[in-house]
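The values are calculated or read from the model by the stated rules, or taken from the named source; none is laboratory data. Fair warning: this is a prediction, and the values are worked out from it, not measured in the lab. Cβ sites come from the backbone with ideal geometry, for glycine too, and all protein chains shown count toward neighbours.
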Ligand SMILES: NC(=O)c1ccc[n+]([C@@H]2O[C@H](COP(=O)([O-])OP(=O)(O)OC[C@H]3O[C@@H](n4cnc5c(N)ncnc54)[C@H](OP(=O)(O)O)[C@@H]3O)[C@@H](O)[C@H]2O)c1
């Protein structure tokens, strides 16, 4: 069901309940309103409140406009879903994929608009990150790089007893140093957007790559 219809319905039901309770508590109100008159009254009041709050409150959302977003780790999971969502909302999306022409990346490309670009990206490699940055810069097509989402991550090792050193190293390389590498590389690029921001989803990277928000 349409979200706006649901909200509208809740407003009408809420307003009707308030008026009915008011009529019960203050019975003389009943004398002035026939059922038809007060039904029209609820609708007018509820619809006015709905229109006012919809335009003033609910619609204060980010508009895609000429905004571009770079997301790491889009082969699967959250990154993949976020890329699809942002593309459907009109953002220019640069989807960093580890395997840029296989599986998830190919499916992503197929299911999105031509605004979405697949970029090969291994966050553990300086060269790969720099190449991705160049690609993004050269394909902004007049858009501002508005956000960088550090999403690429690995989940390796659960307990000290069963984890190998390589699990720790891989986790550190991707989840922590990868985020630092990407954030450092893209900072100057997204600064030009004035309100650019970098955000992290990888659990291990948050302490070292906190949300970064340059000001104009
Ligand atoms: N799922 C959760 O409950 C949860 C909770 C808290 C935080 N997180 C964090 O949220 C992020 C996404 O999680 P998810 O569940 O969507 O995991 P996911 O499906 O495994 O997605 C992680 C993505 O990162 C990619 N990746 C791995 N190593 C990479 C590298 N070296 N360079 C570039 N990309 C690389 C993976 O590519 P391949 O698939 O090709 O390997 C994959 O597409 C992760 O950072 C995770 O730590 C997840």
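To keep it simple, each residue is scored yes or no on (1) modelled with pLDDT under 95; (2) closer than 22 Å to residue 66 by Cβ; (3) surrounded by 13 or more Cβ atoms within 10 Å (Cβ to Cβ); (4) in contact with a helix residue (DSSP H, G or I) (Cβ under 8 Å, 6 or more places away or on another chain).
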residue: 147; (1), (2), (3), (4): yes, yes, yes, yes
residue: 162; (1), (2), (3), (4): yes, no, no, no
residue: 168; (1), (2), (3), (4): yes, no, yes, no
residue: 173; (1), (2), (3), (4): no, no, yes, no
residue: 189; (1), (2), (3), (4): yes, yes, yes, yes
residue: 199; (1), (2), (3), (4): yes, yes, yes, no
residue: 208; (1), (2), (3), (4): yes, no, yes, yes
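Restricting segment 134-154 to residues that are within 14 Å of the ligand (Cβ to nearest atom) and touching a residue at least 24 places away in the same chain (Cβ under 8 Å) leaves a set whose member that is farthest from the chain's Cα centre (by Cα) is 153.
Residues considered: 78, 52. Of these, the only one that is out of contact with any helix residue (DSSP H, G or I) (no Cβ under 8 Å at 6 or more places or on another chain), in a helix (DSSP H, G or I) and within 13 Å of the ligand (Cβ to nearest atom) is 78. Considering 62, 40, the condition of being more than 16 Å from the ligand (Cβ to nearest atom) and within 26 Å of residue 201 (Cβ to Cβ) is satisfied by 62 alone.
Conditions tested, residue by residue: (1) modelled with pLDDT under 95; (2) closer than 19 Å to residue 82 by Cα; (3) outside any helix (DSSP H, G or I).
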residue: 94; (1), (2), (3): no, yes, yes
residue: 104; (1), (2), (3): yes, yes, no
residue: 114; (1), (2), (3): no, yes, yes
residue: 118; (1), (2), (3): no, yes, yes
residue: 130; (1), (2), (3): no, no, no
residue: 134; (1), (2), (3): no, no, no
residue: 141; (1), (2), (3): yes, no, yes
residue: 154; (1), (2), (3): yes, yes, yes
